[in-house]
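Take a look at the structure below.
Rule-based calculations on the coordinates, nothing more; no lab input. In this text the structure is predicted, and so the values were computed from the model without any measurement. Using ideal geometry, Cβ is built from the backbone for each residue, glycine included, and neighbour counts are taken over all protein chains shown.
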Amino acid sequence: MAELLLIICFASLLFFYVYFISSIYFGLSKHSTEVKAKAPDEFVTVLIPFRNESGNILQSLISIENQSYPKDKFEVIYINDSSTDDSLSKLTGAEKSSNVKVISLPDDFLPNAHKKRAVRFGIENCKGEIIVTTDADCVHQKDWLEIMLSCYDNDTGFISGPVEFEMKNKLFDKIQRIEFAGLILSGAGLIGNDKPAICNAANASYKKPAYISVNGFDDNFHLSSGDDEILMQKIWKEGKYKIKFCMNRKAVVSSSPNKTFSQFYQQRKRWASKGLFYINKFLILKLVLIFLFYFSLLIQILLGIIFSTIFLI
């Protein structure tokens, strides 16, 4: 009887999973890969918060300085978030570039939600009407900024961009790369279906008026993560602006996978915790059902091992 119930549950979850994947595929098909020739008229600010990124910060700076987008149309602000290594000193001289600025988060900022506070501090000190966020451990293709900005029109307020983990040789790194790609594609499909839920601050952009209109991060500083996704959902719910995904290979930002399973687990736990605060509550149910489907696969394997062992005995 228990086995029959398990089969029924598995079949139900499989049906939902196939339906979900089909809807994601349908959503992906709605995105255009066309690149507009005209850049937005607004000045652009790229915000890069960092903390203890000594091993990555110079690589980030090089890829940002090599952007094909005209330097007189954008600025780059690195926001030091209480680094204790030599990240800040490695950026010494970066401000010699005409469009790069380095600022530090004041000590009197509250200790929680550091990244959100760093981004907000950057917005308060920027000139741009369009904000682009990325991480200091990311590498960008030379046309990244130009392609991301080409997605804007008068009606668009938020753009989610593609992110991938760098190709590594370890099996754990390859598994992370596949799993992360699934998350990014799911997010793109949901945006295509006008149900935005998943995006990544390593490659995101929004208009400052859209950010101000929904009070930015003011109502979710108690969360350790989720600033990008909840902001996107707030802009979508308000209804003034459209949400887009930049479906273009040249817009992909590369990042490094987690080095240990413990880091991977802690990261996914942070990401899962923000799901409770999603505006679209029905989406939470969908994500839970997807988890249950994968969990049921694991249970099936374990039961198969147990029953086969009993049979052999």
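Taking loop as defined by DSSP and a crowding limit of 13 other beta carbons within 10 Å, which GluC sites (Glu not before Pro) in region 152-258 fit?
In loop regions of region 152-258 (DSSP not H, G, I, E or B), the sparsely surrounded GluC sites (Glu not before Pro) are E166.
Please give me, ordered by residue number, the trypsin sites (Lys or Arg not before Pro) of region 1-108 that lie in loop per DSSP and have at most 16 other Cβ atoms within 10 Å.
Sites meeting the loop and neighbour criteria: K30, K36, K38.
With a cap of 12 neighbouring Cβ atoms within 10 Å, and only residues DSSP puts in a loop, list the trypsin sites (Lys or Arg not before Pro) found in region 154-183.
Passing both the DSSP loop test and the Cβ count: K170.
Just going by the charge dipole of region 33-279, with Lys and Arg at +1 and Asp and Glu at -1 on Cβ, which of S186, Y69, I212 is farthest out on the positive end?
S186
Under a point spin-label approximation (7 Å from Cα along Cα-to-Cβ), what is the E34-A181 distance to one decimal in nm?
Going from the E34 label point to the A181 one covers 2.8 nm.
Just to confirm my numbers, what's the Cα centroid distance between region 162-220 and region 227-248 in Å?
Cα centres, region 162-220 to region 227-248: 11 Å.
Calculate how many DSSP beta bridges within region 33-279 are antiparallel, expressed in % of all such bridges and rounded to the nearest 5.
Expressed as a percentage, antiparallel bridges in region 33-279 total about 30.
Please arrange L190, L28 by counting, for each residue, the other beta carbons lying within 10 Å of its beta carbon, fewest first.
Going from sparsest to densest Cβ surroundings: L28, L190.
Only Lys, Arg, Asp and Glu count, each charged at its Cβ (+1, +1, -1, -1), so figure out the dipole size of region 33-279 about its Cα centre, rounded to 20 debye.
560 debye
For region 27-144, what does the alpha-carbon gyration tensor say about shape, rounded, prolate or oblate, given a ≥ b ≥ c as the root eigenvalues, a/c under 1.5 as rounded, and a/b over b/c as prolate?
Cα axes put region 27-144 in the prolate bin.
In whole Å, what is the distance between the alpha-carbon centres of region 66-97 and region 118-135?
13 Å
Taking a point 7 angstrom from the Cα of K237 along the C-beta vector, which residues in region 172-192 have backbone N less than 18 Å away?
The answer is 191, whose backbone nitrogens lie closer than 18 Å to the label point.
How far apart, in nm, are the 7 Å Cα→Cβ label points at I21 and Y265?
For the pair I21/Y265, the computed spacing is 2.8 nm.
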